Amino acid sequence: MNEMNIRKVSIGDLDRVAEIEAECFPASEAASKKSIEERILAFTESFFVVEIDGIIVGFIDGCATNSPVIYDEMYHDTGEHIPDGKNLAVFGLDVLPGYQRQGIAAKLMRHFLDAARKDGREAVILTCKEKLVHYYEYFGFKNCGISGSTHGEAQWYDMILAL
């Protein structure tokens, strides 16, 4: 792997981030380009891209909230973002398939967790499919069981990491 850089997203990254989202998630679960644009504008402070040799190959994003779990409206309404919320939610951890299994997602997650700590958050929350529960437990997330979220008509598990 060549030079890796993690940085805050900018509006100029919109097209590339939308392409990555569409490649990494099924259409029923992927955020639209419009939704990604709204997220970039609403919570740039918790939206990071990773570049390899200057090319964006992945990202992690999410909003601040006081909720202990992610609920479906959060994915579609940036008005749910509470800038001084006690928790930071992960909406997506996306790495292009050709760059997976190289530790890039883990570096993005650690960067996100560090940012949450620096911002004084109490916890980081996320939802994931059953096959990824173990992956997130590796970072210290606790499985809280099946989520009330039905985003994309999938079954999700609520995960929380107390900071």
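Points to keep in mind about this one:
- Restricting region 54-82 to residues that are charged (D, E, K, R) and at pLDDT below 95, the residue that is surrounded by the most Cβ atoms within 10 Å (Cβ to Cβ): GLU80
- Of all residues in region 11-22 being surrounded by 13 or more Cβ atoms within 10 Å (Cβ to Cβ) and touching a residue at least 24 places away in the same chain (Cβ under 8 Å), the one that is nearest to HIS76 (Cα to Cα): GLU21
- Just one of the listed residues (GLU137, GLU153, GLU122) is acidic (Asp, Glu) and without any contact (Cβ under 8 Å) to a residue 40 or more places away in the chain, namely GLU137.
- Matching residues, region 141-155, being of a type in the set (D, E, K, R) and in a loop (DSSP other than H, G, I, E, B): none
- Residues located in region 84-98, provided they are farther than 19 Å from ALA30 by Cα and either surrounded by 19 or more Cβ atoms within 10 Å (Cβ to Cβ) or touching a residue at least 24 places away in the same chain (Cβ under 8 Å) (or both): GLY85, LYS86, ASN87, LEU88
- Strands (runs of 3 or more DSSP E) completely within region 48-122 that count 2 or more residues being closer than 21 Å to ALA154 by Cα and either β-branched (Val, Ile, Thr) or touching an Asp or Glu at 6+ places or on another chain (Cβ under 6 Å) (or both): 92-95
- Complete set of residues in region 43-83 that are farther than 15 Å from LEU113 by Cβ, in contact (Cβ under 8 Å) with a residue 40 or more places away in the chain and charged (D, E, K, R): GLU51, ASP53, ASP72
- Checklist (1) of a type in the set (D, E, K, R); (2) within 24 Å of GLY103 (Cα to Cα); (3) modelled with pLDDT under 95 applied to LYS8, failing item: (3)
Yes/no matrix, rows are residues, columns are (1) on the phi > 0 side of the Ramachandran plot; (2) of a type in the set (A, V, I, L, M, F, W, C); (3) in contact with a Ser or Thr (Cβ under 7 Å, 6 or more places away or on another chain):
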{"residue": "ILE11", "(1), (2), (3)": "no, yes, no"}
{"residue": "ALA18", "(1), (2), (3)": "no, yes, no"}
{"residue": "GLU29", "(1), (2), (3)": "no, no, no"}
{"residue": "ILE56", "(1), (2), (3)": "no, yes, no"}
{"residue": "ILE60", "(1), (2), (3)": "no, yes, no"}
{"residue": "ASN66", "(1), (2), (3)": "no, no, no"}
{"residue": "TYR75", "(1), (2), (3)": "no, no, no"}
{"residue": "GLU80", "(1), (2), (3)": "no, no, yes"}
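- Any hit, region 123-140, residues being assigned to a strand (DSSP E or B), surrounded by 19 or more Cβ atoms within 10 Å (Cβ to Cβ) and out of contact with any helix residue (DSSP H, G or I) (no Cβ under 8 Å at 6 or more places or on another chain): yes
- In region 90-108, the residues that are among the hydrophobic types (A, V, I, L, M, F, W, C) and touching a strand residue (DSSP E or B) at 6+ places or on another chain (Cβ under 6 Å): VAL90, PHE91, LEU93, VAL95, LEU96, ILE104, ALA105, LEU108
- Within region 21-39, being within 13 Å of the chain's Cα centre (by Cα) and hydrophobic (A, V, I, L, M, F, W, C) holds for CYS24, PHE25, ALA30, ALA31, ILE36.
The values are calculated or read from the model by the stated rules, or taken from the named source; none is laboratory data. Just so it is clear, the model here is predicted, and its values are computed rather than measured. Don't worry about glycine lacking a Cβ; one is built from the backbone with ideal geometry, like all the others, and counts go over all protein chains shown.
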